[in-house]
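Structure first, commentary second.
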Amino acid sequence: MPLSFTREDLVEALGRTGRGDRAAFRDVYDATSAKLLGVCLRILADRQMAEDVLQDTYLTVWNRAATFDPAKASPITWLVTIARNRSIDRLRSGAMARKSTPVEAAFDLADDAPLASDAIETTDEVRRLNLCLDELDEKARGAIRTAFFDGVTYETLAGRHDVPLGTMKSWIRRGLQRLRTCLDR
């Protein structure tokens, strides 16, 4: 996001987008597209596929902006979640064979603005999230971080930890429940 575009500006722009304001939608796109493309690239490792998924992401944003609730999530978290889920859906669809291009290749594609994760890490919300994550046991914390921050599927995580898929899902589900309880305090 441009430095002059604050969290509150993004909340406002998403609200206006939910009411059909095309100029506000353009603002949301301009402020977040580079970051969301980076999320898609990190998961898909294919620029064309990532651009296609980014387009799907913004179509979803346009159609669902009215459902965004700033009390439940920060705007960038909401947007990154949509991009992440769309990217994982594309991987699961078998529509692509993952290329062997290293993730580091995506660094050349990103703009020189601070990463979204760096920008939001200064907020109280993220500090609280990190404190609550630290309260989780190591296996749940690691699985949640890897699944949600690195875009790794539950199936891949289960394979990495040599546990059944159901076990991995249970670790993450219980971890997320404890995380929610901690964040609600």
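The values are calculated or read from the model by the stated rules, or taken from the named source; none is laboratory data. Remember, predicted model here, so these are calculated numbers, not experimental data. Neighbour counts are summed over all protein chains in view; Cβ atoms, including those assigned to glycine, are modelled from backbone coordinates with ideal geometry.
Before moving on, here are some points about what is shown:
- Test: PHE25 is in the same structural domain as SER74 (by TED's automatic domain parsing), part of a loop (DSSP other than H, G, I, E, B) and either touching a residue at least 60 places away in the same chain (Cβ under 8 Å) or at negative phi (or both): no
- Contacts under 6 angstrom Cβ, first residue in region 5-21 being in the same structural domain as THR57 (by TED's automatic domain parsing), partner aromatic (Phe, Trp, Tyr) and not in a helix (DSSP H, G or I), 6 or more apart: LEU14/PHE68
Table: residues versus (1) within 17 Å of the chain's Cα centre (by Cα); (2) in contact (Cβ under 8 Å) with a residue 60 or more places away in the chain.
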position: TYR29; (1), (2): yes, no
position: SER33; (1), (2): yes, no
position: ARG42; (1), (2): yes, yes
position: ASP46; (1), (2): no, no
position: LEU59; (1), (2): yes, no
position: ASP69; (1), (2): yes, no
position: ALA73; (1), (2): yes, no
position: ARG86; (1), (2): yes, no
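- Restricting region 129-164 to residues that are of a type in the set (A, V, I, L, M) and more than 20 Å from ILE43 (Cα to Cα), the residue that is modelled with the lowest pLDDT: LEU129
- Search result, residues across region 74-89 that are closer than 13 Å to ARG42 by Cα and surrounded by 20 or more Cβ atoms within 10 Å (Cβ to Cβ): VAL80, ALA83, ARG84, ARG86, SER87
- Options GLY175, GLY142, GLY159, GLY151; residue that is surrounded by 12 or more Cβ atoms within 10 Å (Cβ to Cβ) and over 20 Å from the mean Cα position of the chain (by Cα): GLY159
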